[in-house]
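Written out below as structure tokens is the structure these notes cover.
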Amino acid sequence: MSTGTNRILDDFAKLMTDAAGAAQGVRREMETVFRAQGERLLNSMDVVKREEFEAVRDMAIKARDENDALLARIAALEARLSDPAQ
């Protein structure tokens, strides 16, 4: 009799283990599907990646600094041209 009960419990434990494994497989599959859908949505929205944004931002900062330096040089040159004493 104890062998029958143990067999039932063993079968039940095996069934639960298989069910847990199947649930994990379904979870992984759903994560993959959601990730793919999210990437597809972001690609359709034409969203840039953070690395690309950072690179363009750094280029804009450098261009602004260079522009400020050139404006200062132009102002100095215009001041020299407008001063007849030099």
ask   = What number of residues within the range 29-59 are loosely packed, with under 10 Cβ neighbours inside 10 Å and among the basic types (Lys, Arg)?
value = 2
ask   = Applying the selection to the range 44-86, what residues are aliphatic (A, V, I, L, M) and not in a helix (DSSP H, G or I)?
value = MET45, VAL47, VAL48, ALA85
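Rule-based calculations on the coordinates, nothing more; no lab input. All values reported here derive from a predicted model rather than from experimental measurement. Note that we place each Cβ from the backbone using ideal geometry, even for glycine, and neighbour counts take in every protein chain shown.
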